[in-house]
1. For segment 415-546, what is the percent of antiparallel DSSP beta bridges, rounded to the nearest 5?
2. Work out, step by step, the length gained on full extension between Ser70 and Glu466: first 0.36 nm times the residue separation, then minus their alpha carbon distance; give nm to one decimal.
3. Just to confirm my numbers, what's the Cα centroid distance between segment 530-544 and segment 367-402 in Å?
4. What is the distance in Å between the Cα centroid of segment 463-485 and that of segment 58-125?
5. Listed here are the pairs Lys378/Lys468; Lys340/Lys465; Lys340/Lys435; which of them are more than 23 Å apart at the Cα?
6. Highest first, please rank the peptides 338-344, 319-325, 18-24 by the mean number of other Cβ atoms sitting within 10 Å of their residues.
7. Can you order the peptides 184-192, 394-402 by their average number of other Cβ atoms within 10 Å per residue, highest first?
8. Show me 528-535, 471-478 ranked by packing, highest mean number of other Cβ atoms within 10 Å first.
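The values are calculated or read from the model by the stated rules, or taken from the named source; none is laboratory data. These numbers come from a predicted model, not from an experiment. Methodologically, a virtual Cβ is constructed for each residue, glycine included, from the backbone with ideal geometry; neighbour enumeration extends over all protein chains shown. For the accessible areas, the whole protein counts, side chains as well, though only heavy atoms, and no ligand, DNA or RNA atoms are used. Shrake-Rupley method; radii C 1.70, N 1.55, O 1.52, S 1.80 Å.
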Amino acid sequence: MMPESSQKGELRLYRALNFPLQWTLEKVLIKKPLVDSFIINHAGIYWLFGSDHSGFGTRKNGQLEIWYSSSPLGPWKPHKKNPIYNVDKSVGARNGGRPFVYDGNLYRVGQDCGETYGRRVRIFKVEVLTKDDYKEVEVPLGFEEPNKGRNAWNGARYHHLDVQHLSSGKWIAVMDGDRVPSGDPVHRFILGSASLAAVTVVAVVLGVLLGAVKCIIPLSWCAHYSGKRNNALLGRERSNLFSSKVRRFCSRLNRVPLSVRGKIKPNTWAGKLVLAVTIVVGVALTCIGVKYFYGGNDAEEAYPLNGHYSQFTLLTMTYDARLWNLKMYVKHYSRCSSVKEIVVVWNKGRPPRSSDLDSAVPVRIRVEDQNSLNNRFKRDPMLKTRAVLELDDDIMMTCDDIERGFNVWRQHPDRIVGFYPRLISGSPLKYRGEKYARHHKGYNMILTGAAFMDHTVAFERYWSKEAKAGRELVDRYFNCEDVLLNYLYANASSSQTVEYVRPAWAIDTSKFSGVAISRNTNVHYKIRSNCLLKFSEIYGSIAGRKWEFDGRKDGWDL
């Protein structure tokens, strides 16, 4: 075994005493701080490839050296052309995994470190490998790049590839991936600090424009100060005239605001415009600084949790008048990290073709015969994931929030986990908005217009015999399908069945397109209040339940 030992300044070879748990140092092969080294036997000679990581600049990740020997234990002799590479970091000099042989040809895996450490993998076919010469040419990787941008599993970088030839004759490969570029914490700190420093400058400029910033020194420093002086103060004034110099400096500095305000008068429309722009710039810089300091992205974490539920299906229900919403919806959400497929439940009108939608994942349009809200939870044997995110086509939120909600659902897959809480209480029962739930510091329902669920459980409950009466009410009112599912979950368990995750922000795009389903809020709420009474008669009330908001899952307002 030849582990990374560059910090020791040498390349070490270990021998197994009790494979794979116990090892002993066999030999120090080379006294150099080499990284990503490998040994191969090629044409009867042992070859060692590695990069000296002790250099700076280009040499840091753009250097490659070769040694050769008649034995893997050495002694190792340097190649005549060492260093083979010592140029640009993007050429793939640093090794990115073990080499492999295919059709009698040797291939080397290299790392392109041009944009960031390990930005991408490159493959090189070794055409000449002798003691005196080395030549390789790049060949296509044959790797289909994900099109989710920065949200792809390897959106920031992928820098190691291991290829193995199986006894069956097939090939298998393992590649790493990351959504965070190298040095991201330092990068965030520098940009955050720079943004907040710029905010300080903007605040000073604003103070100058408003006349609130002046250079003032304590009166006790002034030579003309009429108060009681002590011997130390008099001595300092006589010896170096410190206070006089400070006063002169402050006097000159205070002339600057006067001259600036003379040119930019805050009471004029031009002055007000300058002030407004300055304030907007300051707010924007503050937001940028906070983002870099406290931002982050839950998608930066590896998305499998405890080895389960790594992806979900996004399901939405719509019709022809809302096609504009759907196009924007698919383009945005298909780029989210954990979305495997988008299923569009088409309730009315002529459906679009999948090719009409700009999507990074497969889109399946399921055309329904009847325009019914019950179709939202229709059993679908073609679903490829256990997790389903029911998300209305007019709700837009960040992929970060979607991933955060998915992470919470993976911890509670038996619950409805969503972004819109409601508290059902009172006598008689009355449907109210989120403000009511927050005012009373609790919730017992999650709207399924934006909620994760296990479709194998949720859809079975919704289409059970016990839910038939509820489904008929949904068709009668053309409303309340999400209320019904909450009642079915609550009826199935005495423990908590819903979980709330607060998004950073959410936009209702139907307000822009004029095709909101529930245009009259009062009528909509009245219908839902009737549903609550009916469902409580059939399935029992949920008013006695109440779950408090969890600050760890509660987001923030922008």
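1. On the way: 5 of 8 bridges.
Percentage antiparallel, nearest 5: 60.
2. On the way: separation 396, 0.36 × 396 = 142.56 nm, distance 7.78 nm.
Using 0.36 nm per residue and subtracting the Cα-Cα distance, I get 134.8 nm.
3. First find each Cα centre; the distance between them is then 25 Å.
4. Distance between centres, Cα-based: 64 Å.
5. Details: Lys378/Lys468 13 Å; Lys340/Lys465 31 Å; Lys340/Lys435 34 Å.
Table pairs above 23 Å Cα-Cα are Lys340/Lys465; Lys340/Lys435.
6. In decreasing order of mean packing, 338-344, 319-325, 18-24 become 338-344, 319-325, 18-24.
7. Values: 184-192: 13.4, 394-402: 20.7.
Packing order, densest peptide first, comes out as 394-402, 184-192.
8. Per-residue mean Cβ counts within 10 Å order the peptides as 528-535, 471-478.
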